[in-house]
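Q: Take a look at this one; I'll ask things after.
The values are calculated or read from the model by the stated rules, or taken from the named source; none is laboratory data. No experiment lies behind these values; they were computed from the predicted model shown. Note that each Cβ is placed from the backbone with ideal geometry, even for glycine, and that neighbours are counted across all protein chains shown. Ligands, DNA and RNA are excluded from the accessible area calculation, which covers all protein heavy atoms including side chains. Shrake-Rupley method; radii C 1.70, N 1.55, O 1.52, S 1.80 Å.
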Amino acid sequence: MSVYLDNAATSWPKPEAVYQAVDQFMREVGATPGRGGHWREEKSAHIADQARSVIAELFHAPDPAGVVFTLNATQAINMALKGLLQPGDHVITSSIEHNAIWRPLKALEQRGVTVTAVSCAADGALATKDVEAAIRAETRLIAMLHASNVLGTILPVTEIGALAHKHSIPFLLDAAQTAGAYPIDMAAMNIDLLAFPGHKGLFGPHGTGGLVVRPGITLETWVEGGSGMESVPETMPETLPARLEAGTQNAAGIAGLLAGVRFVLEQGVEQIRVHEMALTALLIELLHGTPGLTVLGPTDLPQRTAVVSVTIGGYVPDQFAAVLDQVYDVATRAGLHCAPQAHRTAGTLESGALRFSPGIFNTVDEIHETAEAVLSIL
Ligand SMILES: Cc1ncc(COP(=O)(O)O)c(C=O)c1O
């Protein structure tokens with residue numbers, strides 16, 4: 001049995017409808033939204049519009065036009081941070097961020113933006129009062145991940161959103177680990193900017209993702225070029241999504257993303273979470289008590305997502321992952337997971353960790369097989 005437990009990086013396999021949508025788009029549609037005076041262009045534009053609508057529905061976004069497509073969550077985060085922050089501004093983030101937020105903030109620091117990273121506990125827990133204490137007169141943004149890709153910890157997003165709203169500070173959420181896997185309500189959570197990957201919990205192909213921009217938030221453009229409309233002015237259109245979507249989009253990927261989001265809506269985010277967390281709980285239970293093995297992150301299951309990172313005394317995570325892969329055909333991810341800050345917070349910056357991330361298509365049998373493989377290696 002081949003077991004894929006790297007869904008936190010990119011989900012696989014995809015629902016059958018996603019494969020079909022991409023194939024059908026490439027063979028039968030082919031054109032680019034806004035570029036062409038023919039039925040293929042109309043069909044392509046219709047698919048993109050439908051994708052914006054289902055994404056807005058999934059996240060309770062006020063306006064589908066605020067759904068801007070990008071290649072991944074990283075681009076969406078860069079678009080938001082660099083479109084909003086100016087020299088002299090202050091931004092608050094957490095100590096468990098992925099490099100997708102951390103590195104652009106470090107780049108912005110070079111340009112005169114001040115950054116406060118609020119410290120999380122070793123299991124990733126963040127106290128909202130510490131975020132409030134970090135607010136200054138010049139705080140222009142709170143930018144954080146929803147859940148850690150290393151620890152699985154879910155941050156208190158509703159409380160942080162309420163806090164941001166109270167202080168009239170925009171709130172950017174990196175939903176890389178939660179989009180499609182945990183309920184997100186932009187209105188109820190006071191999220192102004194939501195960055196999401198298409199290729200993880202929304203089951204789209206690689207090269208899909210987006211930024212959902214709440215009406216009233218204006219971002220400076222970070223890429224300029226053709227917008228397929230309002231071509232005479234020398235600046236990008238004011239209106240979304242065209243303002244932030246210069247150049248030809250990944251239209252085939254977006255067709256696949258549409259099918260992926262429809263799958264999520266059909267299954268229901270809550271149901272997906274129930275399945276993924278049952279597998280997560282089982283894996284933790286089966287590994288519990290193994291000498292030298294430590295599970296990172298919160299012990300309380302409702303506080304986490306379907307990510308199980310472990311350290312195993314005396315073993316190098318990369319080597320362990322290689323044996324799991326080559327001998328047992330179990331796919332995991334070892335190392336720092338592009339999130340050295342999270343590992344520093346957890347005390348595993350030197351060692352790294354081995355991460356199992358189950359998804360909707362994994363089975364109970366696969367989890368048993370994985371745990372048996374781990375124990376037999378030990
Ligand atoms: C928390 C978090 N943020 C951002 C990203 C970046 O996502 P993408 O690869 O779509 O740019 C990831 C990817 O693993 C992630 O886990």
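Q: May I ask you to evaluate 6.51 cos²θ - 1.76 cosθ + 1.60, the Karplus curve with θ = phi - 60°, for each residue of the range 92-109 and list the ³J(HN,Hα) values in order in whole Hz, giving x for glycine and proline?
A: 10, 9, 10, 8, 10, 6, 6, 4, 4, 9, 5, 5, x, 5, 5, 5, 5, 4
Q: Stokes-Einstein D for the range 1-127 at 20 °C, 1.002 mPa s, Kirkwood Rh over Cα pairs, in µm²/s? Don't skip to the end; give the middle numbers.
A: Values: Rh = 18.3 Å.
Approximately 117 µm²/s, per Stokes-Einstein.
Q: At 0.36 nm per residue, and after removing the present C-alpha to C-alpha distance, how many nm does the segment from A107 to H368 gain when stretched out fully? Mind showing how you got there, number by number?
A: Details: separation 261, 0.36 × 261 = 93.96 nm, distance 4.39 nm.
Roughly 89.6 nm would be gained on extension.
Q: Just how much of E369 is accessible, in Å², when a 1.4 Å probe is used and the result is rounded to the nearest 10?
A: E369 exposes around 50 Å² with every protein chain in place.
Q: Another question, then. Counting only C-alpha contacts under 8 Å and six or more residues apart, can you give the relative contact order of the range 151-219 as a whole percent?
A: Contact order relative to length: 27 percent.
Q: Could you derive backbone 3J(HN,Hα) for the range 183-195 from the dihedral phi with the Karplus parameters 6.51, -1.76 and 1.60 (θ = phi - 60°), listing whole Hz in sequence and x where the residue is Gly or Pro?
A: Each residue's phi maps through the Karplus curve to give x, 10, 10, 4, 6, 5, 8, 6, 8, 8, 9, 10, 9 Hz.
Q: In addition: Y315 accessible area, nearest 10 Å², 1.4 Å probe?
A: Rounded to the nearest 10, the figure is 90 Å².
Q: While we're looking at this one, here's another question. With contacts defined as alpha carbon pairs under 8 Å and 6 or more residues apart, what's the relative contact order of the chain in percent?
A: 25
Q: Mind giving me the nanometre distance, one decimal, between the label points for D300 and E285, set 7 Å out from Cα along Cα→Cβ?
A: Calculated label separation equals 2.1 nm.
Q: Any number yet on Rg/Rh for the chain, C-alpha, Kirkwood?
A: 0.98
Q: Next question, about the same structure. All other residues with a Cβ under 12 Å from the Cβ of K43 taken together, and with Lys, Arg as +1 and Asp, Glu as -1, what is their net charge?
A: Result for the local shell: -3.
Q: Output needed: percent of Cα pairs per 10 Å distance bin for the range 95-240, bins running from 0 to the one holding the longest distance.
A: Cα pair-distance distribution for the range 95-240, in percent: 10, 36, 36, 14, 3, 0.
Q: Rolling a 1.4 angstrom probe over the protein chains, ignoring ligands and nucleic acids, what is the accessible area of H60 in square angstrom, nearest 10?
A: Its accessible surface works out to 100 Å², give or take rounding.
Q: Could I ask something else about it? Please report the relative contact order for the range 86-192, taking Cα pairs under 8 Å with a sequence separation of at least 6, and give it as a percent rounded to a whole number.
A: Dividing the mean separation by the residue count of the range 86-192 yields 27 percent.
Q: Add +1 for every Lys or Arg and -1 for every Asp or Glu among the other residues with Cβ under 14 Å from the Cβ of Q303, and state the total.
A: Local charge sum for Q303: -1.
Q: Could you order K129, K43 by accessible surface area, starting with the largest, using a probe radius of 1.4 Å?
A: K129, K43
Q: Please compute P(r) over all alpha-carbon pairs of the range 226-378, binned at 5 Å starting from zero, and give each bin as a whole-number percent.
A: Bin by bin from 0 Å, the calculated values are 2, 8, 14, 15, 14, 11, 9, 8, 7, 5, 4, 2, 1, 0.
Q: Can I ask one more? Pull up the cross-link candidates among the lysines for K82, meaning alpha carbon to alpha carbon under 18 Å and not fewer than 8 places away within one chain.
A: In chain and number order, the partners are K106.
Q: Now a separate question. Extending each Cα 7 Å along its Cβ direction at Q20 and E138, get the distance between those two points in nm, one decimal.
A: 5.6
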